[in-house]
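Just below is one structure, and these are the notes that go with it.
The values are calculated or read from the model by the stated rules, or taken from the named source; none is laboratory data. Keep in mind that what you see is a predicted model, and the values were worked out from it rather than measured. Cβ sites come from the backbone with ideal geometry, for glycine too, and all protein chains shown count toward neighbours. Only protein heavy atoms, including side chains, enter the accessible area calculation; ligands, DNA and RNA are left aside. Shrake-Rupley method; radii C 1.70, N 1.55, O 1.52, S 1.80 Å.
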Amino acid sequence: MRVVDLDRDTVKRGLSDGSMLIIDVREPHEFEAGHIPGSVSHPLSSFDPQAVADLVAADGRRAVFSCGSGVRSIHALMAVQNAGLDLAEHYKGGFKDWYSAGETIA
């Protein structure tokens, strides 16, 4: 399994320049309570690698998985890689890192 850990500054740059699609794999109630602006919800509990593949293909940006702290995003990477997708990046600190740093949330 291939995993590329991204930090908050890298995620902020990718969001700022429009090159990055953050795929939040937390549960819907967690996403609704607060999320990284511009991220999209694909909960791990109902995760569909084909739906992610379709989203990434239609969107065209660099896909990066995010969760609460970086554990579930690893599981999402495992699922998509097992399905044959070439995705490997995740936000290692996740939403907890983002929020604790005082970044804007949606």
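Remarks
- Some residue of the stretch 52-60 being touching a residue at least 60 places away in the same chain (Cβ under 8 Å) and surrounded by fewer than 18 Cβ atoms within 10 Å (Cβ to Cβ): no
- Hey, residue 35 within 16 Å of residue 68 (Cα to Cα), modelled with pLDDT of 95 or more, of a type outside the set (Phe, Trp, Tyr) and in contact with a strand residue (DSSP E or B) (Cβ under 7 Å, 6 or more places away or on another chain) or not: yes
- The residue of the stretch 29-50 that is most open to solvent (accessible area, probe 1.4 Å), among those that are closer than 20 Å to residue 82 by Cα and polar (S, T, N, Q), is 50.
- In the set 97, 5, 9, only one residue is buried (at least 18 other Cβ atoms within 10 Å of the Cβ) and not in a loop (DSSP other than H, G, I, E, B); that residue is 97.
- Selection from the stretch 61-92 of residues that are open to solvent by less than 50 Å² (accessible area, probe 1.4 Å) and among the charged types (D, E, K, R): 89
- Of residues in the stretch 12-28 being of a type in the set (Lys, Arg) and out of contact with any Cys (no Cβ under 6 Å at 6 or more places or on another chain), the one least open to solvent (accessible area, probe 1.4 Å): 12
- Any hit, the stretch 42-56, residues being touching a strand residue (DSSP E or B) at 6+ places or on another chain (Cβ under 6 Å) and outside any helix (DSSP H, G or I): yes
- So residue 68, is it in contact with a helix residue (DSSP H, G or I) (Cβ under 7 Å, 6 or more places away or on another chain) and farther than 19 Å from residue 1 by Cβ: yes
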